[in-house]
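The next block holds one structure in the form of structure tokens; read it before the comments.
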Amino acid sequence: MKDILIFAGTTEGRKLSERLSAAGISSAVCVATEYGEIVLKENPLVSVKRGRMDADEMRAFMEQGDFLCVVDATHPYADIVSANIKEAVKGLNLPYFRLLRERGGCVAEGAIYFESIEECVKELEKTSGNILLTTGSKELANFAKSKALRERLFVRVLPSKESIEICESCGLAGKQIICMQGPFSKDLNTAMLKQYDIKYMVTKESGKAGGFDEKIDAALAAGAKAFVIGKEKESHGLGFSEVLAEIAKISGKEIKAENTYKITLAGIGMGNKKNLTREVFDDIEDADIILGAERMIEGYNPKIEAKPYYLAKQIIPYLEENESCFKDEGEKSVVVLFSGDSGFNSGATKLYKALNEEIDSGKLSAAVEIMPGISSISYLAAKVGESYEDARILSIHGKEIANLGLKIKESEKTFLLMSGVEDVNRLGEILEDVGLNSCKVFAGLNLSYENEEILELSAKDCKSLSKEGLYVCFIKNESVEERGVSHGLPDSAFIRDKVPMTKEEVREASISKLHLKGNSVVYDIGSGTGSIAIEMAALSDEIKVYAIERKPEAVKLIGENKRKFNLDNIEIIEAYAPEGLKGLPKASHAFIGGSGGNLKEILESLRAINPKMRVVLNAISLETIAEIKEVVKDFDICEDEIVQMQISRAKKVGDYNLMQAENPIWICSFTFKG
């Protein structure tokens, strides 16, 4: 298989090689330095030749190889190299393409232009103050001739052995040499100019890929003068997409259109960069654009920019608005940062779905992937020597959890994500409320950072903790109390006083007839002591019960029973029905223990709220049964059933057990047809 011969030296050259590899086309890439080889990604379809060559050496290399064409992707200022490539291909019957670099605007506001390096040097000799050279190491000797000028120079060069040797040979001290790979963001350029008190920044008009605009903007922001060594824009050559089209013709292979964006949704762990996975670290290092919450993107310097966007409604419009700007520049790498692990209490999945919807609809040209991070749960588990596959993992970070105390009480191990110290204080109160005063709490504070602490606390300690920071807690409960899996509390379990209460067996039959689901929303109308509400709410933490009761003494009892059983998923409404139903969330089920003579109005309101609601009514008197029969016939219902229950209990009289009958009760159940 014949190769495409690429003389690289620019970002475009590297990207061309990557695009060809993706299309199954092999390439031989010639680079001048070791550094040029390092920045190329390893690929079985890419061979690399390192070292400078003159025209004869290039010609010999071309004759020895088996190439389809030659692409000159060297730097716009590498005139000698380009001339050598053109000379080398003469007479070899090899198609030659000059790949043009995407250039910026013609004139940068506030910059001073020079036709040659010599003119720029002469002007600098008339000035005073520190100078930052961003023109590379090859031209350094021209600026370092004069001792007066040399002492004011700071140079930014590639981090290669060759560059450093050139700097040293020109008489520069170590403190004057800044070895970094670009392009650089405006913020990083600005910080560098201020750090070294730069008065004059020297650059070439290097185009978008060379970060020219970011340099000029930084000079303006830092109050430095920008000296630009200009060069006529090359007029003979092809753009990136045009070169790809020519290669596709010659090779006979399809080179698919490239996505505008490669988007990575990356979990960054607790925040310390040392805890990044290697893949996430590399993605961030290579990023053109970094997005995320402000505290997460701080300290990162992408090639183009960083923006404090982390919601789909911010990110999607931003990407779509900028897509036209990046279309012809090759695929842009966008990394969106998420704290912890991208798959655990993270917004990554939601954003992933939203982005793919835009891609599927054709509104966005991109490929999206999710990269995991190290969660604070796994980190804390390792720190305290515990496993977490057998633990309950919950989060109260910015949200409430129903019956949190009960969840902790019935689990030996619980990990809890939190927002701050106020959540630890609240945890202490919850633990005391459910009687877990003696359990151990391990609080991880500022995990992964230098000021990290692992605190061992009691419930009382949690309540008094005042140190601010980011917390994750592990609760070790050695007194596990298992929760029942069905309803069936004895009457004696409830605080009753003189308020009427639905008896135990009737409660259980009535609740069974409701056919509740794990996330049902239930109205308990005429709740009395709240026994029905308590039993329903205890079935699942995801069930929400609204206990509607008009009598103040009964409302008080419901509250006492709610506190006794530590059930947060009951809301008490002191009101008459149906008026008390107004404004409540839509219910899936309703139990009517007492209607106060408003049965028809209550049923009409229930049907209006949910035309498919499941309803269960209890009746003791014949009059109420007659009323139910008369009212229900006016509604379109299904799954209707009337059950009469007669319960007798044994009463001990001496050595005998005598059966004592309770009042008979009718249980009427049905579902509105909708």
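Only the coordinates and a few stated rules stand behind these numbers; no lab work does. All figures in this text were calculated on a predicted structure; none of them were measured in a lab. So basically every Cβ, Gly included, is an ideal-geometry build from the backbone, and we count neighbours across all protein chains shown.
Assorted remarks:
- Contact order normalised by residue count of the chain, Cα under 8 Å, 6+ apart, percent: 7
- Counting neighbouring Cβ atoms within 10 Å and putting the fewest first, the residues Met613, Met501 line up as Met501, Met613.
- Point-charge dipole on Cβ atoms (K/R +1, D/E -1) for the chain, about Cα centre, debye to 20: 460
- Fraction of antiparallel bridges per DSSP, the chain only, in percent to nearest 5: 30
- The angle between the Cα long axis of helix 421-433 and the main principal axis of the chain comes to about 20°, on a 0 to 90 degree scale.
- Simple rule: put +1 on each Lys or Arg Cβ and -1 on each Asp or Glu Cβ in segment 111-229, find the dipole, and look at Gly182, Gly223, Ala148; the Cα lying farthest toward the positive end is Ala148.
- Cα principal axis extents for the chain, largest first, Å: 119, 56, 45
- Under-5 Å amide H pairs with Tyr309, H placed in peptide plane, nonlocal only: Gly292
- Amide H within-cut-off set for Glu410, under 5 Å, with H built and near neighbours excluded: Glu481
- Of the residues Ser169, Ala23, Leu447, the one whose Cα sits farthest towards the positive end of the charge dipole of the chain is Ser169 (charges of +1 on Lys and Arg Cβ, -1 on Asp and Glu Cβ, taken about the Cα centre).
- Computed from the C-beta positions of Arg52 and Lys256, the FRET efficiency with R₀ = 30 Å rounds to 0.30.
- Computed magnitude of the charge dipole of segment 551-642 (debye, nearest 20; Cβ of K, R +1, Cβ of D, E -1): 360
- Mean residue ellipticity at 222 nm, helices only, the chain: -9500 deg cm²/dmol; runs of at least 4 DSSP H residues each add -39,500 (n - 2.57), and the sum is divided by the number of residues.
- The angle between the Cα long axis of helix 79-89 and the main principal axis of the chain comes to about 80°, on a 0 to 90 degree scale.
- Axis of helix 312-326 versus longest Cα principal axis of the chain: the two differ by about 20°, to the nearest ten degrees.
- Averaging the sequence gap over all C-alpha pairs within less than 8 Å and six or more residues apart, then dividing by the number of residues, gives segment 229-336 a relative contact order of 34 percent.
- Annotation for segment 315-405: trypsin sites (Lys or Arg not before Pro) lying in DSSP loop with at most 16 further Cβ atoms inside 10 Å of their Cβ are Lys363, Lys399.
- The slack in the chain from Ala402 to Lys147, taken as 0.36 nm per residue of separation less the alpha-carbon distance, amounts to 84.3 nm.
- Interchain or long-range residues, amide H under 5 Å from Gly343's placed H: Gly373
- Other residues within the sphere of radius under 13 Å centred on the Cβ of Lys551, judged by their own Cβ, net out at -1 (K and R +1, D and E -1).
- The modelled label-to-label distance for the pair Glu452/Glu87, using points 7 Å beyond Cα in the direction of Cβ, is 6.0 nm.
- When each of Arg483, Arg150 is scored by the number of other beta-carbon atoms lying within 10 Å, the sequence from fewest to most is Arg483, Arg150.
- Among the GluC sites (Glu not before Pro) in segment 258-339, those placed in a DSSP loop whose Cβ has at most 16 other Cβ atoms within 10 Å are Glu298.
- Using the Karplus relation 6.51 cos²θ - 1.76 cosθ + 1.60 with θ = phi - 60°, the per-residue 3J(HN,Hα) values for segment 340-352 come to x, 9, 4, x, 10, 6, 10, x, 4, 5, 4, 5, 4 Hz, with x marking Gly and Pro.
- 3J(HN,Hα) along segment 375-387, derived from phi through the Karplus expression 6.51 cos²θ - 1.76 cosθ + 1.60 where θ = phi - 60°, amounts to 7, 5, 5, 5, 5, 5, 4, 5, 5, 9, x, 10, 8 Hz, with x in place of Gly and Pro.
- The HN-Hα couplings worked out from phi for segment 142-149 by the Karplus form 6.51 cos²θ - 1.76 cosθ + 1.60 (θ = phi - 60°) are 5, 8, 8, 4, 7, 4, 4, 6 Hz, whole numbers, x standing for Gly and Pro.
- Top positive-direction residue, dipole computed over the chain with Cβ charges, set Met645, Phe97, Ile665: Phe97
- Remark: spin-label model distance Arg649-Val384 equals 4.4 nm, labels positioned 7 Å along the Cα→Cβ axis.
- By the count of neighbouring beta-carbon atoms within 10 Å, fewest first, Ser339, Ser527, Ser458 end up ordered Ser458, Ser339, Ser527.
- Pairs of Cα atoms nearer than 8 Å and 6+ residues apart set the relative contact order; for segment 491-672 it is 20 percent.
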